[in-house]
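**Q** Questions regarding the structure given below will be posed in turn.
The values are calculated or read from the model by the stated rules, or taken from the named source; none is laboratory data. This is a predicted model, so every value here is computed, not measured. Heads up, the Cβs are rebuilt from the backbone with ideal geometry, glycines too, and the neighbour counts pull from every protein chain shown. Protein only, heavy atoms only, side chains kept; ligands, DNA and RNA dropped before computing areas. Shrake-Rupley method; radii C 1.70, N 1.55, O 1.52, S 1.80 Å.
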Amino acid sequence: MSYTTTANHDEHHDHPTGIMRWLTTTNHKDIGTMYLTFSLIMFLVGGAMILAVRAELFQPGLQLMQPEFYNQLIGVHALVMIFAALMPAATGFANWMLPLQIGAPDMALPRLNNWGFWLLPPAAILLTLPFTLAMFGIGDGAIATGWTFYAPLSIQGGMGVDFAIFSVHLLGISSVLGSINVIVTILNMRTPGMTLMKMPMFAWSWLVTAFLLIATIPVLAGAVTMLLTDRHFGTHFFDAAGGGDPILFQHLFWFFGHPEVYIVLLPIWGFMPQILQTFSRKPMYGYKAQVISLWAIGALALVVWAHHFFTVGMPVPALLYFMYSTMAISLPLAVLFFCWIATIWKGSLSFETPMLFAIGWIVLFGIGGLTGLVLADVAADAQYHHSYFVVAHFHYTLFAGGMMGVMAGVYYWLPKMTGHMFSERLGKLHFWLTAISFNLTFIPQFFLGLAGMPRRIPDYALQFAEFNAISTVAAFVLGLSQLIFVYNIVSCVRGGKKATDRVWEGAEGLEWTLPSPPPYHSFTEQPIVK
Amino acid sequence: MVMHFLKKAVLGVMMTMISLVAHAEYTWNFPMPATPMAADTLHVHNKFMVIVMIIFVVVLAIMIYSIVNHRKSKGYKAATFSGPSTKSQVLWTLVPFAILMYIDFILMGIPAYHSIVMMEDTKTNADMVIKVTGSQWRWQYEYLDGEAQGIKFVSNLTTPQDQIDNQADKGKDYLLEVDNHLVVPVGKKVRVLLTATDVIHNWWVPAFGSARDAIPGFLRETWVRVDVPGTYRGQCKELCGKGHGFMPIVVDAVSAEDYTKWVADQKTKLAAASAGADKTWTKEDLVAHGKEVYVKNCAVCHQANGQGLPPTFPALTGSKIAQGPIFDAGGKLLKDSHLDRVFNGKGVMPAWKGVLNDTDIAAVVTYERNALGNSVGDVLQPAQVKALR
Amino acid sequence: MSNNDAREQANKKLGFKLLWIVGAALLFGFALVPLYNVLCTMTGLNGKTNATADVTSNKVDETRLVTVEFTSNVMPGLGWNFYPEQPSIKVHPGQIETVNFVAKNNTNETVAGQAVPSVSPGLASPHFKKIECFCFIRQELKAGETKLMPLRFYVSTDLPTDVKAVTLSYAFYSAVKPSN
């Protein structure tokens, strides 16, 4: 009954070393490491882009770049951060931790796993190559439509749009392959005794994520394909001249785009309660309620998309439907918040770096969620929409709710992955610098939006100058403090105090029963869950 | 470079502190509402903000209480509950849920419903209709009915390029100033129709509380009733290409008498322009007038020196089109000629026939052919343009 | 060994099953195009007006008057002038009216154009019935030719009573997309 020598084809010829190890690996930990490394690199790339943007916005007037280049930077920043930093980070955690958490020897489809990863670097290159080509006078740079590809601007755009479309295709295939793998792993590979309702929350959240991905990524792929044929093959999906409608593109895009928000966030909602329970030394609160809420949010995510473009003009019943259904998301989300806080309530709390990030995450993500609730209101949205208020809002959800969540996960599992403890001192410094400078960057942007500053403009009127100056200075602090993060990770990989198997005093779950770092092939003895 | 930036940064922060106090009245919230819709939006926004802040503070307080008191370092022993166990506990956990439902669908949902109905009520009792057309990167306005019927014009950014490039001091209304203001009478409900000729734009004046997309090939509408006389400024807020940050909106709300006077003025100007189209102009006059038109309307893309920004915006200097013949042997407008391009547009080039008068078009074409490094030597008379109408 | 093989088989099988979902989602994405159009025609979601309607026996609602306004946009690249002969008309719902649009080719070549109608407010568009229209059909004008383009229409009596004014806009495009 033991599958000691499971599915690991590598075992026969042992694994190759050097570059070939990484190119050909089907080992979930290697692939997880590659995803996480890729994510970190792209996080820095995307961050560098936006610091250039913030530097331009430091003062009114054009100082550093022309509007064309500015437009390219903002769009590629978003695409890089969402598709190449946040999503791969979540997939990296899934690869590393899901098999360990559910007692599986590896992911279910190891070869698919390898392909899934290796689609990412070409995609990232495709996305950013037009910048380099433009330097040599080829083409007019990267996609300049923002990350949303809105037609007809994207039909008018240069070859950067084509590059971005192909890049999105590759990224999409990669995500779909990853998702299939996750679903099969979770459904087929759980160790005996681990029923669905005994699974770690991370597995549940990834199951929802993966289903959302395979249901929506193809729609995005279809939409950008139609865009491609509109651009080059004379179709008129989004062109009124041929009977099309540019707003149709927005419907297709956001049918994917809204679930995408949850695709990025759900995995974090999965491991966050695990972190909270670890450092509260108390069982997770409301397991069943959380599982139901995750599914409810996943389902609602599919039917609220049009709140991203209320200002295009819709009949009143449509506006009302999308407003109320959007507000309804706050209900399951509130259940999650309630459970998270109830998990730390009356716990025996200690504040190591992962816990600091987790607490900061709840607070800041809370701001993102609450401003989202306000944004659902159609009338007020006419003001907020495409203003800096929205920019601030989604950075509270995607940087605080996304990136800071990922950071919590990294600090939580890094000792398990590397076998070394990281520097607590640097970790705490990183947290405080990040949390403070993040707020100083984005709180002014709420006020900028209210005062009437539209987003995606390279230059602005004088009354917006002060807040932009603060925001830029804080953004640079935020950006530079991420170097502490990188340094801390690198030195932790290289060495440091040995980590115990359990790493954290209150850690519960199968991954903590293995040595740190876990052996190349984990669970040669199938664990039994009672 | 780095030091320079740091110096600027420190200076910026200091200036900020000073001026934040100075601007306090409008910095922290929506601008003073000028329309019923904006007043309603501000009211709804304030109410919702208070609600979510209360939620935030209450939840934060609970967390802080827990963080302060339930510490391991204080020797606090962890409880072991993992969910509500008794019936009353289950009921208690439902209380916040019920409160939130009440907030969502009653406290916030009902005022939001009324706001939407109000916002979308473009249909009833409109006093006048204005059509707004967005194009890269300017707004065009046309009065469709009432006393101003037939008045139409284009509204261009007037901020000089050297201010944008930091070569000159920035004016008070930097980036929010245009040559032709949209003028509306105070207290009249104006139905605003929106469309576009190239990509999606969004007509947004924050003090009006309304923002609506202008979509090429489609018609959308919103409404404004400006109750307070004054000048209101706004911007396009849908990314529309390189000039997205440079297509502002300026609206003057004036009294009924001033409006009538403005309309009369415009009509006189139109009549004068139309009369001007019938006379024969000298080349010098046309070139001089054409330069003004060029700087206002064309220089954004083709640049003041005519060099353009290839490949999207071709150079006019030495251009085949700008130096080729305009009319065929029979005196008909040559397809893809200089005037055809200006008059009818193509691709990214807008069609100017709708917004510039005959004299302006004749003048700017003549200017482009005899300046900017071109010297074709011919003259296009306004009457020749008029004949195309 | 059979255990592992069986597991691998099961994994692959499930993986392929999931691929069906992916395929279905892809299909759904493309199916949204016609679905969206149907939805728009039914609800006036985007202000598009349906193709030509039949002349049915119409009851005219004499108690109401609706203002119908006309406006036009000639898109860049089309060498035409195009405008309504009259800016607006007042009609009773159900009453059939004919209005003319003037089109003139201002160039020296034959040019084909195609009109795309849009009605605002959107919820009025399903009630705007065109009996005879030049829209969506390729129209050709010879060099310098001027043509009257008639539109026969009525406003359905089902038009919500609070709608007092309906605007019909024509965006005239070149029939053949100019190649870049």
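**Q** For every other residue with a beta carbon closer than 13 angstrom to the beta carbon of C:F134, add +1 if it is Lys or Arg and -1 if Asp or Glu, then tell me the sum.
**A** Once all neighbours under 13 Å are counted, the net charge is +2.
**Q** Could you list which residues have their amide H under 5 Å from that of B:F327, counting only those 5 or more apart in sequence or on another chain, with H placed in the peptide plane?
**A** Here B:L334 satisfy the definition.
**Q** Arrange the peptides A:236-245, B:351-360 so that the one whose residues have, on average, the most other Cβ atoms within 10 Å appears first.
**A** B:351-360, A:236-245
**Q** Still on this structure: Please list, in order along the range B:315-331, the HN-Hα scalar couplings obtained from phi with the Karplus expression 6.51 cos²θ - 1.76 cosθ + 1.60 (θ = phi - 60°), rounded to whole Hz, x for Gly and Pro.
**A** The phi angles translate into 6, 8, 4, x, 5, 4, 5, 6, 10, x, x, 9, 10, 7, 4, x, x Hz.
**Q** From the phi of every residue in the range C:81-92, what ³J(HN,Hα) in whole Hz does the Karplus formula 6.51 cos²θ - 1.76 cosθ + 1.60 yield, where θ is phi - 60° and glycine or proline is x?
**A** These are the phi-based 3J(HN,Hα) values: 9, 8, 7, x, 5, 10, x, 7, 8, 9, 10, 7 Hz.
**Q** Note the per residue figure in Å³ for the convex hull of the C-alpha positions in chain A.
**A** So the per-residue hull volume is 149 Å³.
**Q** If you line up the long axis of helix A:201-232 against the longest principal axis of chain A, both from Cα atoms, how many degrees apart are they, to the nearest 10?
**A** Here the helix axis deviates by roughly 30 degrees.
**Q** Could you run the numbers on buried accessible area between B and C, total for both chains, 1.4 angstrom probe, in Å² to the nearest 100?
**A** 2900 Å²
**Q** How big is the range B:119-162 along each principal axis, measuring the range of its Cα positions in Å and listing the largest first?
**A** Ordered largest first, the range B:119-162 gives principal extents of 46, 26, 15 Å.
**Q** Additional query: Long-range amide H contacts for B:E221: which residues qualify at under 5 Å (H placed 1.01 Å from N, peptide plane, sequence gap of 5 or more or a different chain)?
**A** B:L194
**Q** Could you check how much of the accessible area of the range B:128-266 is carbon and sulfur, as a whole percent, using a 1.4 Å probe?
**A** Ligands and nucleic acids excluded, carbon and sulfur reach 47 percent.
**Q** Compute for the range A:366-493: radius of gyration divided by Kirkwood radius, i.e. Rg/Rh, restricted to C-alpha atoms, rounded to two decimals.
**A** Rg/Rh: 1.07.
**Q** Could you pull the Rg and Dmax for the range C:3-43, using just the Cα atoms, both in Å?
**A** In order Rg, Dmax, the Cα atoms of the range C:3-43 give 17.8, 57 Å.
**Q** Please report the net charge: other residues with Cβ closer than 12 Å to the Cβ of B:A38, K and R +1, D and E -1.
**A** Residues close to B:A38 contribute a combined charge of -1.
**Q** With a 10 Å cut-off between alpha carbons and a GNM built on chain C, which of C:A25, C:A124, C:A112 moves the most?
**A** Ranking C:A25, C:A124, C:A112 by mean-square fluctuation puts C:A25 first.
**Q** From other protein chains only, count the Cβ atoms within 10 Å of every residue's Cβ in B:111-117, then give the mean.
**A** For peptide B:111-117, the averaged partner shielding equals 6.
**Q** Same structure, new question: Return P(r) of the range B:239-332 (all Cα-Cα pairs; 5 Å bins starting at 0; whole %; ordered from short to long distances).
**A** Result returned by the calculation: 3, 9, 10, 15, 16, 16, 15, 10, 5, 2, 0.
**Q** Separate question: Taking chain A as the reference, fit the longest principal axis to its C-alpha atoms, fit the long axis of helix A:246-280 to the helix C-alpha atoms, and give the angle between the two in degrees, 0 to 90, nearest 10.
**A** That works out to roughly 30 degrees.
**Q** Also, I was wondering about something else. Give the shape of the range A:446-506 as rounded, prolate or oblate, defined through the alpha-carbon gyration tensor: a ≥ b ≥ c are the square roots of its eigenvalues, a/c under 1.5 means rounded, and otherwise the shape is prolate if a/b is larger than b/c and oblate if not.
**A** Cα axes put the range A:446-506 in the prolate bin.
**Q** Next up: Can you classify the protein assembly as shown as rounded, prolate or oblate using the Cα gyration tensor, where a ≥ b ≥ c are the square roots of its eigenvalues, rounded means a/c under 1.5, and otherwise it's prolate if a/b beats b/c and oblate if not?
**A** Since a/c reaches 1.5 and a/b is larger than b/c, the shape of the protein assembly as shown is classed as prolate.
**Q** Per residue of the range B:254-271, in order, report the coupling 6.51 cos²θ - 1.76 cosθ + 1.60 (Karplus, θ = phi - 60°) as ³J(HN,Hα) in whole Hz, putting x for Gly and Pro.
**A** Ordered by residue, 3J(HN,Hα) equals 10, 5, 4, 5, 4, 5, 4, 5, 4, 4, 4, 4, 4, 5, 4, 4, 4, 4 Hz.
**Q** Tally Lys and Arg at +1 and Asp and Glu at -1 over the other residues with C-beta under 12 Å from the C-beta of A:V168: what net charge comes out?
**A** So the environment of A:V168 carries a net charge of -2.
**Q** While we're on this one: Calculated from DSSP H runs of 4 or more alone, at -39500 (n - 2.57) each and per residue, what is the 222 nm mean residue ellipticity of chain A, nearest 500?
**A** -22500 deg cm²/dmol
**Q** Another question, then. Give me the angle, in degrees from 0 to 90, between the Cα long axis of helix A:67-79 and the longest principal axis of the Cα atoms of chain A, rounded to the nearest 10.
**A** Around 30 degrees separate the two axes.
**Q** Over all pairs of distinct alpha carbons, what does the Kirkwood formula give as the hydrodynamic radius of the range A:232-353, in Å?
**A** Radius from the Kirkwood sum: 16.9 Å.
**Q** Answer rounded, prolate or oblate for chain C, using the Cα gyration tensor with square roots of eigenvalues a ≥ b ≥ c: rounded when a/c is under 1.5, else prolate when a/b is larger than b/c, else oblate.
**A** It is oblate, given that a/c is not under 1.5 and a/b is not larger than b/c.
**Q** Here's something else I'd like to know. Please work out how many pairs of lysine residues in the range A:373-530 are eight or more positions apart (or on different chains) and have Cα atoms closer than 21 angstrom.
**A** For the range A:373-530, qualifying lysine pairs total 5.
**Q** Within the set B:K131/B:K353; C:K48/C:K130; B:K152/B:K261; B:K386/C:K90, which residue pairs have Cα atoms separated by over 20 Å?
**A** Long pairs (Cα-Cα over 20 Å): B:K386/C:K90.
**Q** Summarise the partner chain shielding of C:107-117 as one whole number: the mean count of Cβ atoms from other chains within 10 Å of each residue's Cβ.
**A** 5
**Q** Here is a follow-up. Over the Cα atoms of the range A:243-304, what radius of gyration and what Dmax do you get, in Å?
**A** In order Rg, Dmax, the Cα atoms of the range A:243-304 give 16.6, 62 Å.
**Q** Which residue, C:L159, C:L141, C:L27, tops the fluctuation ranking in a GNM of chain C built on C-alpha contacts under 10 Å?
**A** Result: C:L27 has the largest fluctuation of those listed.
**Q** Could you tell me what percent of the accessible area of the range A:18-523 is made up of carbon and sulfur, with a 1.4 Å probe and every protein chain present?
**A** Carbon plus sulfur share of accessible area: 74 percent.
**Q** Which far-off residues, 5 or more places away or on another chain, put their amide H under 5 Å from the one on C:M149, with H placed in the peptide plane?
**A** Placed amide hydrogens put C:F101, C:V102, C:A103 under 5 Å from C:M149.
**Q** Before we go on, tell me the buried accessible area for the A/C pair, both chains summed, 1.4 Å probe, in Å² to the nearest 100.
**A** Chains A and C together bury roughly 2900 Å² of accessible area.
**Q** Please build a GNM for chain C, connecting alpha carbons under 10 Å apart, and tell me which residue among C:F134, C:F16, C:F82 fluctuates the most.
**A** Answer for the Gaussian network model of chain C: C:F16.
**Q** Then there's this: Could you check how much of the accessible area of the range C:3-43 is carbon and sulfur, as a whole percent, using a 1.4 Å probe?
**A** Carbon and sulfur together cover 76 percent of it.
**Q** In whole angstrom, note down how far apart the Cα centers of the range A:146-188 and the range A:33-51 are.
**A** Spelled out, the Cα-based centre of one part sits 18 Å from the other.
**Q** Moving on to the next point. Excluding residues fewer than 8 places away in the same chain, name every one of the lysines whose C-alpha is closer than 16 Å to that of B:K346.
**A** B:K320, B:K335, C:K177
**Q** Over chain C, give the accessible area per residue in Å² for a 1.4 Å probe, as an integer.
**A** For chain C, the solvent-accessible area averages 46 Å² per residue.
**Q** Name the residues of the range B:81-108, by number, that are at least 50 Å² less accessible with every protein chain in place than in the isolated chain; the surface is that of heavy atoms, probe 1.4 Å, without ligands or nucleic acids.
**A** B:F81, B:S82, B:F97, B:L100, B:D104, B:F105
**Q** Using the C-alpha gyration tensor of the range B:128-266, what are the square roots of 5 times its eigenvalues, in whole angstrom, with the largest one first?
**A** Over the Cα atoms of the range B:128-266, the ellipsoid semi-axes are 24, 19, 13 Å.
**Q** Further, regarding this structure: Sorted by average packing, counted as other Cβ atoms within 10 angstrom per residue and highest first, what order do A:38-45, B:116-123 take?
**A** Top to bottom by mean Cβ count within 10 Å: A:38-45, B:116-123.
**Q** Just checking the output field for A:101-110: average partner chain Cβ neighbours within 10 Å of each residue's Cβ?
**A** Counting Cβ atoms of other protein chains within 10 Å of each residue's Cβ and averaging gives 2.
**Q** Between chains B and A, what is the buried accessible area summed over both chains (1.4 Å probe, protein heavy atoms, nearest 100 Å²)?
**A** About 8300 Å² of accessible surface is lost on pairing.
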